Amino acid sequence: LIEKDPEAAIVLFWKAINSGDKVDSALKDMAVVMKQLDRSEEAIEAICSFRGLCSKQSQESLDNVLIDLYKKCGRIDEQIELLKRKLKLIYQGEAFNGKLTKTARSHGKKFQVSIKQETSRLLGNLGWAYMQKKNYVMAEVVYRKAQIIDPDCNKACNLGLCLIRQARYEEAQLIIEDVLEGKLPGSDDGKSMKRAQDLLTELRSMLPTPHLSDLLCLDDEFIKGLERLMNDWGPLRSKRLPIFEEISSFRDQLAC
């Protein structure tokens, strides 16, 4: 029904919520369908209004849906606050119901997620949110922590972009080259590799054209000293000793 008539599915989800029938799944699934129909603001309102009817175990998944909805609506400040709150729960040992792993689902498939992977994922999302606020200093701090916990190519590219925005091109180039050289998990992902290559192209276009002194590895003080020496020498003069100047003059007289 969701695929054939999503609007009708939303009506049924509302009925389930109002009657108290499987509220956990009904609220979450309804919010996802609303997001697909560009009704994200309505989905946010529904979750905030009715999550109190849901079980404690469902709150983490509702938070994840809410984070995506905030991102979709451009409500970055609320996204940041929710991400920080979820990270605080991890630090306090309250996430995953105190366990080290949990079962997650994506595209109908179940898989295990470790607390380290979840922490890194949340930090990556937080870093991107700070990027949208143009707070590149905080974004860099968060991305670096995420890479220490569970590194991957996607976050490396985001960190590289963050450094580019701060005009720290050499540092950015080193990180992006690590991606292109296959030194990070996810290097076999064509999408990440293309993004890294695009970032490297963008970075090189921003680098200043090297001067001759840069190519020769000569510092400014050396160049200035060389110029002063040449100025002291003045215009080019004859290198012959005075005695040869006199002989030349006497030869000219004999020729006459």
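Computed from backbone phi with θ = phi - 60° and the Karplus coefficients 6.51, -1.76 and 1.60, the 3J(HN,Hα) list for segment 141-152 is 4, 5, 4, 5, 5, 4, 5, 5, 6, 7, x, 7 Hz; x is used for glycine and proline. In the context of the full set of protein chains, residues of segment 76-165 present 55 Å² of accessible surface per residue (probe radius 1.4 Å, heavy atoms only).
Element breakdown for segment 1-115 at a 1.4 angstrom probe: carbon and sulfur atoms account for 51% of the accessible area. Over segment 29-73, the ratio between the Cα radius of gyration and 2.2 N^0.38 Å evaluates to 1.04.
Other residues within the sphere of radius under 14 Å centred on the Cβ of residue 16, judged by their own Cβ, net out at 0 (K and R +1, D and E -1). Quick one: net charge around residue 68, please, counting Lys, Arg +1 and Asp, Glu -1 for every other residue with C-beta under 14 Å from its C-beta. That works out to +2. Any of 102/134; 35/102; 155/191; 84/183 with alpha carbons more than 23 Å apart? Name them for me. Listed pairs above 23 Å: 102/134; 35/102; 84/183.
Heavy-atom surface analysis with a 1.4 Å probe gives segment 152-201 a carbon and sulfur content of 51 percent of its accessible area. Highest mean packing comes first when the peptides 131-137, 143-149 are listed by Cβ atoms within 10 Å, giving 143-149, 131-137.
The values are calculated or read from the model by the stated rules, or taken from the named source; none is laboratory data. This structure is a prediction, so every number in the text was calculated from the model and none was measured. Counting neighbours? That spans all protein chains shown, and the Cβs are built from the backbone with ideal geometry, glycine included. Just so you know, the surface numbers come from the protein's heavy atoms only, side chains and all, with ligands and any DNA or RNA stripped out. Shrake-Rupley method; radii C 1.70, N 1.55, O 1.52, S 1.80 Å.
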